[in-house]
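Asker: Handing you a structure now.
Read-outs throughout are calculated quantities, based only on the coordinates presented, and are distinct from any laboratory measurement. Quantities reported herein were computed from a predicted structural model and do not represent experimental measurements. Here Cβ is always computed from backbone atoms with ideal geometry, including for glycine, and neighbour counts include all displayed protein chains.
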Amino acid sequence: MSKLLVGADATPAPYDFDTVLDRGNLSTLKWEMEIARANDPGLLSFGTADMDFRSPPSVLKAVQSVAKEGHFGYPLKRPGYYEAIVGYLDRHFGWKVEKDWLESGVGIYQSMHPVITELTEPGDEIIYQPPVHHVFAEIIEANDRVAVPNQLLNRRGAYEMDFAGLEAAITCRTKLLLLCSPHNPVGRVWTLGELRLLAAICEKRNIIVVSDEVYSGLLYPGSTFVAFASLSQWTSMNTYTMISPSKPFNLTGLKHSIVIAANPAFRAAYRKGIARTNLHYGTSIFGLAGAEAGYRDSDDWTNALMQYVARNFEYVRAQFGKHLPEVTLTVPEATYFSWLDLAPLGAAKERYQALIERAARLVVTYGESMGRGGEQHIRLNLATPLSNLAAGVDRLLAVLVPLTGRDYSKG
Ligand SMILES: Cc1ncc(COP(=O)(O)O)c(C=O)c1O
């Protein structure tokens, strides 16, 4: 384990996160789909987990140089690709991974699918920890396995794992636990102590862990991340770790994910699973180039990015503190999300959703999609220029503050 140094006094390189993107030629689910759906070019989107920033310069250069070559044959992973990932995991988390442990896929959830089908039987139970990204439960159920929630404990916006609940939830049919680390949407970076407790329970009950660590590249200044598989010999041999350049370098459209398993039997099972759909043959040539450049050359950029995101969070917190202190904001340690509890406003979901969508013309992610404990919450995507965020927060407060009976003036 080592600390990723992105302290407040580190000087960020001069990257531009303030300029609002020219969306002229862009076509994304986050913006263009929502604008078309609402037929409203003035809508602001804080939904889908993409950033409103261009990718790091090193990544742009690498992808452009592939395009310039003009040849897009089935690509072979080259040594530099493996070195970049192995180097990144060691440099950031002190996790020593061997090149042979790395497999790949076209997305984190696509990569979970073969793990589920190869290691479990229909009807087996898989534990997940809501509120969590909606696909966790969906991918379990889509494979005819039983999704068993082990809901996080929420202490006035501070989240913890429910270890007693976890022990109680395990049965003889429990085979896997899907861990979200760091956690989307609550932004927790699980501590060494928490992960050790989790590992002890899984070891005792012989449960394999699939650790989705896609947000480990997006840590707030001062956060220390520990890779679950790096905890012990047992976790090393009983974990599938999933990472992707998609979130840290804003490459969700390049469709490349990385699966790490020290256990050769786990790798064989994974390969067998993806061979069913021929996904073992070749991968995205742009995904490989983006991953290599991102993991090798983008530390300064992500450091500067997370300082920007942290400032954006402080902006949201200050505005809500001033105008709507009833709403609890969870303090994130990672990710680019802000998680807000609207329950104290006492409004029905239908009422605040209509206000947010139709009066404020905003897209946010509603917490009920994240399962138990997500009700009455919204998730805001903070990876956007401050000017855009400020406009969105202003519109949000303008519709939510009147629910308290008070007037809203920007002040
Ligand atoms: C926790 C989590 N895992 C995985 C994904 C999907 O990642 P990818 O696009 O790399 O498959 C998301 C997307 O939002 C996510 O929130």
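Asker: Whole-Hz Karplus ³J(HN,Hα) for segment 319-332, in order, using 6.51 cos²θ - 1.76 cosθ + 1.60 and θ = phi - 60°, x for Gly and Pro?
Answerer: Ordered by residue, 3J(HN,Hα) equals 5, 5, x, 7, 9, 8, x, 5, 7, 8, 9, 6, 8, x Hz.
Asker: Collect residues whose amide H, placed 1.01 Å from N in the peptide plane, falls under 5 Å from the amide H of V148; neighbours closer than 5 in sequence don't count.
Answerer: Residues meeting the amide H criterion: I126, I127, Y128.
Asker: Now for a separate question. Sticking with the crude label model, points 7 Å out along Cα→Cβ, report the distance from E121 to T28 in nm, one decimal please.
Answerer: Going from the E121 label point to the T28 one covers 4.5 nm.
Asker: Report, by chain and number, residues whose modeled amide H sits under 5 Å from the one on T174, excluding near sequence neighbours (fewer than 5 apart, same chain).
Answerer: Under 5 Å from the amide H of T174 lie the amide H atoms of E125, each far enough along the sequence or on another chain.
Asker: List the residues whose amide H sits under 5 Å from the amide H of G94, counting only those 5 or more places along or on another chain, with H placed 1.01 Å from N in the peptide plane.
Answerer: So G94 has HN proximity to S2.
Asker: Continuing with this model, one more query. Cα centroids of segment 200-272 and segment 178-195: how far apart, whole angstrom?
Answerer: First find each Cα centre; the distance between them is then 12 Å.
Asker: Sum -39500 (n - 2.57) across every DSSP H segment of at least 4 residues in the chain, then divide by the residue count to get the 222 nm mean residue ellipticity, nearest 500. Don't skip to the answer; put the middle values down first.
Answerer: Working: 13 runs with 150 residues, N = 411.
Rounded to the nearest 500, the figure is -11000 deg cm²/dmol.
Asker: While we're here: Considering Cα pairs under 8 angstrom that are at least six residues apart, work out the relative contact order of segment 59-297 and quote it in whole percent. Working shown, then result.
Answerer: On the way: 408 pairs, mean separation 68.5, N = 239.
Computed over segment 59-297, the figure is 29 percent.
Asker: Set Lys and Arg Cβ to +1 and Asp and Glu Cβ to -1, take the dipole of segment 59-297 about its Cα centre, and tell me which of A200, P75, P131 lies farthest positive.
Answerer: With unit charges placed on the Cβ atoms, the residue in question is P75.
Asker: Note down the Stokes-Einstein diffusion coefficient of segment 30-138 in µm²/s, whole number, using a Kirkwood radius over alpha carbon pairs, 37 °C, and 0.692 mPa s. Mind dumping the intermediate values first?
Answerer: Values: Rh = 18.6 Å.
Result for D is 176 µm²/s.
Asker: While we're on this one: Compute the distance in nm between two label points, each set 7 Å from the Cα along the Cα-to-Cβ direction, one at A142 and one at Y315.
Answerer: Those two pseudo-labels are separated by 3.4 nm.
Asker: Take every DSSP beta bridge with both residues inside the chain and express the antiparallel ones as a percent of the total, to the nearest 5. Mind dumping the intermediate values first?
Answerer: On the way: 20 of 39 bridges.
Close to 50 percent.
Asker: Kindly write out, for segment 270-287 in residue order, the coupling ³J(HN,Hα) from the Karplus curve 6.51 cos²θ - 1.76 cosθ + 1.60 (θ = phi - 60°), rounded to whole Hz, with x marking Gly and Pro.
Answerer: Once θ is set to phi - 60°, the couplings for segment 270-287 become 4, 4, 4, x, 7, 5, 4, 10, 6, 6, 7, 9, x, 8, 7, 5, 6, x Hz.
Asker: Can you compute 3J(HN,Hα) from phi for each residue in segment 162-175, using the Karplus curve 6.51 cos²θ - 1.76 cosθ + 1.60 with θ = phi - 60°, rounded to whole Hz and x for Gly and Pro?
Answerer: Whole-Hz 3J(HN,Hα) from phi for segment 162-175: 9, 5, 5, x, 5, 4, 5, 7, 6, 10, 5, 9, 6, 10.
Asker: Let me ask something else. Quick one: length gained pulling A343 to M237 fully straight, 0.36 nm per residue minus the C-alpha distance?
Answerer: 33.9 nm
Asker: In whole angstrom, note down how far apart the Cα centers of segment 311-373 and segment 60-101 are.
Answerer: For segment 311-373 versus segment 60-101, the Cα centre distance is 37 Å.
Asker: PRE reach from E69 (point 7 Å along Cα→Cβ): which of segment 276-291 fall under 17 Å by backbone N?
Answerer: Counting only backbone N, you get 282-291.
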